[in-house]
1. Within region 1-49, count every residue that is part of a loop (DSSP other than H, G, I, E, B), among the small types (Gly, Ala, Ser) and either within 25 Å of the chain's Cα centre (by Cα) or not assigned by TED's automatic domain parsing to the domain that holds Ala73 (or both).
2. Are there any pairs with C-beta distances below 9 angstrom linking a residue in region 123-139 that is in the same structural domain as Val202 (by TED's automatic domain parsing) and among the aromatic types (Phe, Trp, Tyr) to a residue that is buried (at least 19 other Cβ atoms within 10 Å of the Cβ) and not in a loop (DSSP other than H, G, I, E, B), with the two at least 6 apart or on different chains, and if so which?
3. Could you tell me whether any residue of region 135-147 is at pLDDT below 85, more than 23 Å from Val233 (Cβ to Cβ) and crowded, with 18+ Cβ neighbours inside 10 Å?
4. Pick out the one residue from Ile10, Ile3, Ile32 that is touching a residue at least 40 places away in the same chain (Cβ under 8 Å), within 24 Å of Asp83 (Cα to Cα) and either of a type in the set (Val, Ile, Thr) or touching a Phe, Trp or Tyr at 6+ places or on another chain (Cβ under 7 Å) (or both).
Amino acid sequence: MEIQRKIIEIDEERCDGCGQCVMACAEGAIEIIDGKARLVKDSYCDGLGACLGECPQDALRMIERKAEPFDHAAVEEHLKRKDAEPKHPFPSAMGGCPSAQMRFFHREATTVADALSKQDRQSALGHWPVQIRLVPPNAPFLKGADLLVAADCAPLAYPDFHEDFLQGKAVMIGCPKLDNTQEYVAKFTEIFRSAGIRSVTVVDMEVPCCSALPRIVQKAMELAQEKVPMEEVIIGVTGKIIKKKNLAA
């Protein structure tokens, strides 16, 4: 039976699908569906508004209307089902978080010497997204690409990353310590099977956790039964290149 109570309302026109409210809702009452945040079921919303302050687009508000009462037992069952659902390792790059929407940029090859001022210098990045977890294996920019796989600290440590490494390459960045390495292996395996990668450059840091990155790429090549020329470049924490080495495919 419905009762008059407080419940969340989502303005779909304002919502950009960033998912901040989903993470803030401990009851799992909100999900991203077709690129928009939606209330899954009235009885899952406790009406306390923990999600309200998390929306950068101000798309959430608390209203009072007739709705099913909050059902704690139903929420527990709902959360158990969600936990049991298989997690797909390849998030869609065309829906959900706007950070994952694919973009392409036309770049002319330049050097620092070509720039008259800092304002004249341009990025060598030719596509978006760049995070390993967000790039789909069938992304058009991966087809026949020279692939740059970088630890996400490397572009911050090495001052000439764009000029020395990024020019003309498709790039994927990530952290093998903070992310799921098995998902990385699965992602790169699919890429090597389908994209026709021409070469791989792995730029990682001298810290121990980064050493997993080239091994992940090599394992993926092995699983895909592909042999691609591969170079590892190790950057020191002070921003200097410590070592370069060719790795057997």
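The values are calculated or read from the model by the stated rules, or taken from the named source; none is laboratory data. Everything numeric in this text was worked out from a predicted model, so none of it was measured. Please note: Cβ atoms are built from the backbone with ideal geometry, for glycine as well, and neighbour counts cover all protein chains shown.
1. Total satisfying the criteria: 6.
2. Trp128/Ala100
3. No, there is no match, as no residue in region 135-147 is at pLDDT below 85, more than 23 Å from Val233 (Cβ to Cβ) and crowded, with 18+ Cβ neighbours inside 10 Å.
4. After applying the criteria, what remains is Ile32.
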